[in-house]
Structures are given as structure tokens and as C-alpha cells.
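As C-alpha cells, the structure follows; a few thoughts come after it.
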Amino acid sequence: MSNEQTSHHGLTIWTTAVFIIGEIAGGGVLALPKAVEDTGWIGIPLLVVFTLTSSYTGTIIAKSWVIIQDRFPEYRDHVPDPYPVIGEKAYGKHGRHLVTFSINFTLFGASTVYLILASENIEDLMSDVTKDISFCYWLLILGAILTPITCLGTPADFWPIGVGATMSTGIACILILIQVLHDNKSAPPVKHSSTDFMKFSAAFGTLVFSVSGHPAFPTFIADMKKKTDFKWAILIGYIIVMLMYLPTTTSGYFVYGRNLNPNIVKNMTSGPITYIIDILMTLHLIFGYLILINPVCQGLEAKVGVPKAFTWKRCIARSTIVMVVIFVAESVPHFGAILSLIGGSTTTLLSYILPCVFYLKLAKGSNNQTSHKKYGISYQNAESTDESDLSEQNYTERPKKTPLIKDLNTTKHDTKDVNGAPPHSYEEQDRELIEEM
């Protein structure tokens, strides 16, 4: 892009990488061992492939957003819903509606999963102290406690939450690996279950969900100081995520086998390490919940016209979203079913299909603009009247500095161009023009 968008305030490469890790890692650490058991050993290389693919398509989203900011200056300031804007500029209102629905469904479902897991962990941690408080009550209590924090503006306003999520997950992964290896000493010979289509499909959704953070990526990009640096942030983020995932997933798969629980912590021998892991993962799930719910809140506020500055309207809008999340969590308290559903449907769409489709459309328009400028045609940066095809643009040919074939009052032998170039025949001029293009 010719105009590299920068800002004096915003996220750096490292803080963006921290947010990426904080959003992605967490639920995957707990659920991936069971997902690999359901797919068989092929699940481990599939995890690597999905991670590499996700990192690539994440950079594609960043490139699409830079194209839009270069072409449409009005989007160079803070934008609350960048991914829907990408869809709209590529395929009109239909693209925007598809992205908006998919993002809200994915992030809303993921937020619900994180809140359920956090409440389950708190119930286990407090079981000896508060035996009469069930999981359903902890959902209400935790949701009420987190509601004021959800009223913070954008990720740039609560970057310490991203740091906390990353640190808690990193330490928890090390402790999980230590505890699993310790359990291996007294574990019976491992046996693995056979897989089938239904188990593989559900596990596929979990694998995709565990390495995909694309619905929130555009929000991070919009808050970065330098948008083009997102490729480095996502590279760092996914390398660290893989360092967290592979050891815990493979060790759990080979130690517990077919006895694996959807939450690997449930398989571990009770003790101080397990207690610390529960605390750390609960912290991560709470921090991850706050990161995931933020784009949903920003999208709703943009839709209903809530001001960007902090007002009571923001508090009302975000409190309403939290109440709906709690209602769904109370109604469907089985996080595995929700995780597989969103992972196999909208997460796959947002992470692997739409980024490539949108970028191809936007890049095609960008290449056309460059080509027409190169050959003496001025590009008019106006949207097409047909919203379903924004690639159709208006062009105006420049009247000067273009070769003239022949003046009407001259003969074939004394033809000149407007700058007094040597005479040429019709054939020579046509041939030169073709070679130039």
C-alpha cells in the first residue's frame, strides 16, 4: 500500500501478540487432548496444519484492512466493527450481514463457553467452603462481578487483561505437563478409543475453535499503532500458542487415552499442582471472556448508535449482552457441544473461507487501480452503485500525454504525436502502443 497507516497511540507488536495468545489459548489447553483422542493420532498433525493455516489467513485479514484504509480515508480512525466493513467493501451489504452474524454467533458462543468453564472451576475450587452454592449460582455471581469490567472501551483500554491471560495460561501449561508426566508413573497401560464420523466431526470443530481468533483480529488491527506490523504480531502469537498446545495435548493423549475428560484437569490426580492449575485457568478464562465479549459489545453499540466515549448507554448495552450470555449458559451448560458447534460452522467460515474470498476481491480492485494509474488513467475512488459488486469503479482518461494515431489533416507519411516526435506509420504506432501495454 502506498499509504502506511500509523498512529501514535495504540497496541504494539508485542501487546497485540499478547492479546492474540490471551484470546486463543485457554479453552484449547483444556479441550484439545480429548479432541485428539476422538480423531485418533491424526489429530496432532491436523492441529499443526490448522495453526499454520490460521496464522496465514490472519495476515490476509490484516492486508485487507490496510487496503481499505488506503482506499477509504474515513476508516483510518477508530472503527468498532472492522471485519464487517471488510465484508461490505468486498461484497456489499450481503457480505457485511454475513460477517456480522458469524462474528456475533462465534464470539457470543465462545464467551458463553469461557464463562461456563470459569464457573465450573470456581465451583470445584470452592467446593469445600461453599457446598451449598451450585454451578448455576456461580454463573450468576461471576457474570455480575464481570459486568462492570466489560464496560471498558476497546482492547487498548485494558491491555493488562491480555497480559494476565497470557501469563496465567503459560504457567498453567507448564504445570499441566508436570502433573501429567507425574500421573504417567502410576497410570495403567494406555488404550485409545476408536473413532467414527460423529466423533471426528465434533473433534474437528474443537480443533478449529482452539486455534482461531479471527473474529477479534480486526479489532486488534484497528487498535494497533502500525497496522502493517500485524503479521509479526500474529507470527509471534501463534508460535507461543503452539508451544503451549503441543506438549499438553500430546502428553494428555498418550497418558490418559480413552479415559480423557473434555476438561483435562478432571483427569489429573488431586493435589496442590492441580489446585494451582485450576486457579490459573480460571483467571485465564475470565480474562479471555472479557477479550471475546468486547467485539460483540462494540458491534452492538455501533448498530444502535452508542457514543464512543464512556456513557450510561454503553453500560446498558453491555449489561444486556452479559445477561443474555448468562441466560444461554444456564440453558445449555455443556460447553463441549457449544464449542464443537461454533468451531465447525461460523469459526471455519470466518477463519479459513471469508478472509481469502474478501482479500481476492479487494486485491483485484487494488491491482486494477494501480494498472490504470500506470497507463495514464485516473482512478476515481467512488463506490459502485451496485452494492453487490464494489469492484466496478469510474475511470477518466487523461487527455494529454497519450499518443495520437493520426491528425485528420495529415497524410500517412507525416503523422506526428502531440509532442513532435518523429513521424511513424499507423502500423508502427499501433505496434509501439501494444508493446508499451
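Could you please let me know if T147 is touching a Leu at 6+ places or on another chain (Cβ under 9 Å), of a type in the set (S, T, N, Q) and assigned to a helix (DSSP H, G or I)? I'd like the intermediate steps shown before the answer.
On the way: touching a Leu at 6+ places or on another chain (Cβ under 9 Å): no; of a type in the set (S, T, N, Q): yes; assigned to a helix (DSSP H, G or I): yes.
It is false that T147 is touching a Leu at 6+ places or on another chain (Cβ under 9 Å), of a type in the set (S, T, N, Q) and assigned to a helix (DSSP H, G or I).
Determine whether the stretch 194-216 contains at least one residue that is assigned by TED's automatic domain parsing to the domain that holds I171, more than 21 Å from A337 (Cβ to Cβ) and aromatic (F, W, Y).
Taking every residue of the stretch 194-216 in turn, none turns out to be assigned by TED's automatic domain parsing to the domain that holds I171, more than 21 Å from A337 (Cβ to Cβ) and aromatic (F, W, Y).
From the list V241, V255, V265, pick out the single residue that is under 17 Å from I174 (Cβ atoms), buried (at least 18 other Cβ atoms within 10 Å of the Cβ) and more than 28 Å from the chain's Cα centre (by Cα). Quick ask: steps written out before the conclusion?
Working: V241 fails: more than 28 Å from the chain's Cα centre (by Cα); V265 fails: more than 28 Å from the chain's Cα centre (by Cα).
None of the others qualify; the one that does is V255.
Could you tell me which numbered condition A172 fails, if it satisfies all but one of (1) small (G, A, S); (2) in a loop (DSSP other than H, G, I, E, B); (3) buried (at least 19 other Cβ atoms within 10 Å of the Cβ)?
(2)
Somewhere in the stretch 278-295, is a residue of a type in the set (A, V, I, L, M), surrounded by 17 or more Cβ atoms within 10 Å (Cβ to Cβ), without any contact (Cβ under 8 Å) to a residue 40 or more places away in the chain and in a helix (DSSP H, G or I)? Before the answer, list the steps.
Step one: list which residues in the stretch 278-295 are of a type in the set (A, V, I, L, M), which gives 279-281, 283, 285-286, 290-293.
Now narrow it down to the ones that are surrounded by 17 or more Cβ atoms within 10 Å (Cβ to Cβ): 280-281, 283, 285-286, 290-293.
Now drop any that are not without any contact (Cβ under 8 Å) to a residue 40 or more places away in the chain, which leaves none.
So far as the stretch 278-295 goes, no, none of its residues is of a type in the set (A, V, I, L, M), surrounded by 17 or more Cβ atoms within 10 Å (Cβ to Cβ), without any contact (Cβ under 8 Å) to a residue 40 or more places away in the chain and in a helix (DSSP H, G or I).
Yes or no: the stretch 36-47 includes at least one residue that is surrounded by 21 or more Cβ atoms within 10 Å (Cβ to Cβ) and within 21 Å of Q298 (Cα to Cα).
No.
Yes or no: the stretch 152-160 includes at least one residue that is farther than 30 Å from F217 by Cβ and β-branched (V, I, T).
Within the stretch 152-160, the subset farther than 30 Å from F217 by Cβ is none.
No, that holds for no residue.
Out of the stretch 297-331, which residues are loosely packed, with under 14 Cβ neighbours inside 10 Å and assigned to a loop (DSSP other than H, G, I, E, B)?
Listed by number, the residues that qualify are G305, P307, A309, F310, T311.
State all residues of the stretch 182-235 that are of a type in the set (K, R) and under 20 Å from V265 (Cα atoms); if no residue qualifies, say none. Let's see the steps before the verdict.
Here is the first cut: in the stretch 182-235, the residues of a type in the set (K, R) are 185, 191, 199, 225-227, 231.
Hits for the stretch 182-235 are K185, K191.
Return yes when Y91 is among the hydroxyl-bearing types (S, T, Y), surrounded by fewer than 24 Cβ atoms within 10 Å (Cβ to Cβ) and either more than 17 Å from the chain's Cα centre (by Cα) or within 22 Å of T150 (Cβ to Cβ) (or both) and no when it is not. It would help to see each step written out before you state the result.
Details: among the hydroxyl-bearing types (S, T, Y): yes; surrounded by fewer than 24 Cβ atoms within 10 Å (Cβ to Cβ): yes; either more than 17 Å from the chain's Cα centre (by Cα) or within 22 Å of T150 (Cβ to Cβ) (or both): yes.
Criteria met by Y91.
Just the residues that are more than 19 Å from P80 (Cα to Cα), in contact (Cβ under 8 Å) with a residue 24 or more places away in the chain and among the small types (G, A, S), please, taken from the stretch 305-336.
Those that are more than 19 Å from P80 (Cα to Cα), in contact (Cβ under 8 Å) with a residue 24 or more places away in the chain and among the small types (G, A, S): A329, G336.
The values are calculated or read from the model by the stated rules, or taken from the named source; none is laboratory data. Everything numeric in this text was worked out from a predicted model, so none of it was measured. FYI the Cβ positions are ideal-geometry reconstructions off the backbone, even for glycines, and counts take in every protein chain you see.
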